[in-house]
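Contents: one structure, followed by commentary.
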Amino acid sequence: MARPAVDRLPAPLARRTALAAQGFADPRPVAVPGARQLRKVTDRMAVVQIDSVNVLSRSHYLPAFSRLGAYPRPAMDAFTARRSEVFEYWAHEASYLPVRLHPHLRWRMAAAEEHAWGSMVRIQRERPGYVAEVLDRVREAGPTKASDLAEPRPDRRGSMWNWHAGKVALEWLFYTGVLTTRARTTSFERVYDLTERVLPPAVLRSPTPEPADAVRELVRTAARALGVATERDLRDYFRLRPAPARQAVAELADAGELLPVEVAGWGAPAWLDPAARRPRWVRARALLSPFDPLVWERPRVERIFGFRYRLEIYTPAAQRVHGYYVLPFLLGDRLVARVDLKADRQAGVLRAQATHAEAGVDRAEVAAELAAELRLVAGWLGLDDVTVAERGDLATDLTRALPAAASGVA
């Protein structure tokens with residue numbers, strides 16, 4: 001089949017298309033959002049990244065807030081606990097995923113020796129008997145936490161991966177799909193159980209596609225979530241390897257499910273989802289988690305928004321430019337500022353520890369909108385006040401804007 005001619009897509013339209021695909025062209029609901037809205041958001045993104053950092057909020061709560069506003073956090077807890085809706089697995093990173101994608105990730109589970117890493121692979125190769133013992137324990141004792149396995153942690157302070165052998169074995173079994181997450185504790189510790197005892201029978205009975213077919217579906221899903229994307233964007237969404245991803249892109253293009261486009265300034269061929277919405281304007285206002293799908297691939301963020309973004313959590317404090325946990329601020333269809341946020345739960349305060357504006361923005365307007373959004377975030381988190389530290393070129397304007405924002409937030 002002959003491929004269609006390459007169309008030209010203006011960069012501003014490509015940006016609005018990407019925002020619409022992620023749900024930012026829709027107004028936030030007037031009524032209190034619930035399970036239906038959370039399902040729509042999750043289905044649209046397809047990947048909700050999980051991360052342990054809790055300086056502001058666990059990351060999986062934030063994308064829905066960015067799109068829906070102040071929804072009840074217990075509604076997310078209830079939604080993510082429903083295994084008829086979502087399951088946990090490695091996608092972009094550790095993620096919540098719609099259960100429909102489970103069959104399309106079984107190839108990764110089956111090829112764990114190729115795709116897993118480090119200690120997980122080593123323990124299976126070096127201590128297969130121990131892994132079998134851990135599996136037997138889960139099978140006989142039921143839901144199990146890593147902390148239930150009484151083997152001491154290695155003495156490697158400062159490492160986020162200082163897993164003891166029991167945790168490593170559980171994670172290997174999780175990666176292979178034998179175990180899955182039944183629940184999370186109040187401290188967010190994963191509770192493992194046999195996949196066959198957790199996921200709905202209908203999901204387990206779903207046929208396992210051939211790997212090429214599964215990868216094609218993952219690329220198709222990524223294309224819907226991204227709207228317009230380079231080949232690298234498409235494979236990064238589910239962390240696919242280049243060769244099978246390129247084959248999938250080519251096959252989808254041949255079938256007319258991806259349209260080739262040229263976006264000014266992108267410097268790489270791009271692909272458009274034919275069903276993607278291409279709005280004339282976007283009137284969004286949102287703070288974005290560093291792990292939000294809109295911004296998690298930093299080269300894409302710079303290409304689309306001209307916004308250079310780096311996560312500085314692992315940068316020594318003295319070397320940080322913008323702060324520890326920095327959220328980009330989306331206003332309209334542009335990223336106009338960034339703010340380093342901390343929820344001081346003991347004091348009941350949302351602390352803006354540094355605030356920086358992008359070049360060329362109307363700082364008074366940005367400060368007013370950011371102040372309103374910070375008030376909304378604080379209320380959603382159950383915090384009583386917002387404070388602004390002096391660090392950053394937007395701090396003075398934001399401090400002036402906060403009293404007006406306190407009178408009411410849309």
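The values are calculated or read from the model by the stated rules, or taken from the named source; none is laboratory data. Not measured: the values here are computed from a predicted model. As a convention, Cβ positions derive from the backbone with ideal geometry for all residues, glycine included, and neighbour counts pool all protein chains shown. The area values use the complete protein model at the heavy-atom level, side chains included, leaving out ligands, DNA and RNA. Shrake-Rupley method; radii C 1.70, N 1.55, O 1.52, S 1.80 Å.
What to note about this one:
- Per DSSP, loop GluC sites (Glu not before Pro) in the range 334-410 with at most 15 further Cβ within 10 Å: Glu390
- Label positions at Thr208 and Ala35, each projected 7 Å from the Cα along the C-beta direction, are separated by 3.1 nm.
- Computed from the C-beta positions of Ala243 and Arg82, the FRET efficiency with R₀ = 35 Å rounds to 0.45.
- Each peptide in 111-119, 205-213 receives the mean, over its residues, of other Cβ atoms within 10 Å, and ordering these scores from highest gives 111-119, 205-213.
- Take the Cβ atoms of Ala406 and Ala264, set R0 to 56 Å, and the FRET efficiency comes out at 0.85.
- Most mobile of Val321, Val301, Val386 in a GNM of the chain (Cα contacts under 10 Å): Val321
- A crude spin-label estimate for the pair Ala347 and Ala11, with each label 7 Å from Cα along the Cβ direction, gives 4.0 nm.
- In the range 26-73, a dipole from Cβ-located charges (positive for Lys and Arg, negative for Asp and Glu) runs towards its positive end, and of Leu38, Val53, Ser66 it is Leu38 whose Cα lies farthest in that direction.
- For the chain: relative contact order, % (alpha-carbon pairs under 8 angstrom, 6 or more apart): 18
- Positive-end residue, the chain charge dipole about Cα centroid, Cβ charges, pick of Leu218, Thr176, Tyr130: Leu218
- In the context of the full set of protein chains, the range 46-105 has a per residue accessible area of 24 Å² (1.4 Å probe).
- Read-out log10 I(q)/I(0) by the Debye sum over Cα atoms at q = 0.08, 0.12 Å⁻¹, derived from the coordinates shown; its label in [x] -0.47, -1.05; [y] -0.45, -0.96; [z] -0.55, -1.05: [x]
- Distance between the pseudo-spin-label points of Glu93 and Asp384 (7 Å out from Cα toward the beta carbon): 3.4 nm.
- Accessible carbon and sulfur surface of the chain relative to its total accessible area, %, 1.4 Å: 51
- FRET efficiency, 1/(1 + (r/R0)^6) with R0 35 Å, evaluated for Arg283 and His164 via beta carbons: 0.10
- For the range 32-72, the list of trypsin sites (Lys or Arg not before Pro) that fall in a loop by DSSP and count at most 10 other C-beta atoms within 10 angstrom is empty.
- The range 326-366 and the range 53-97 have Cα centres lying 22 Å from one another.
- Compared with the direct C-alpha span, the chain from Arg137 to Val55 gains 26.1 nm at full extension, assuming 0.36 nm per residue.
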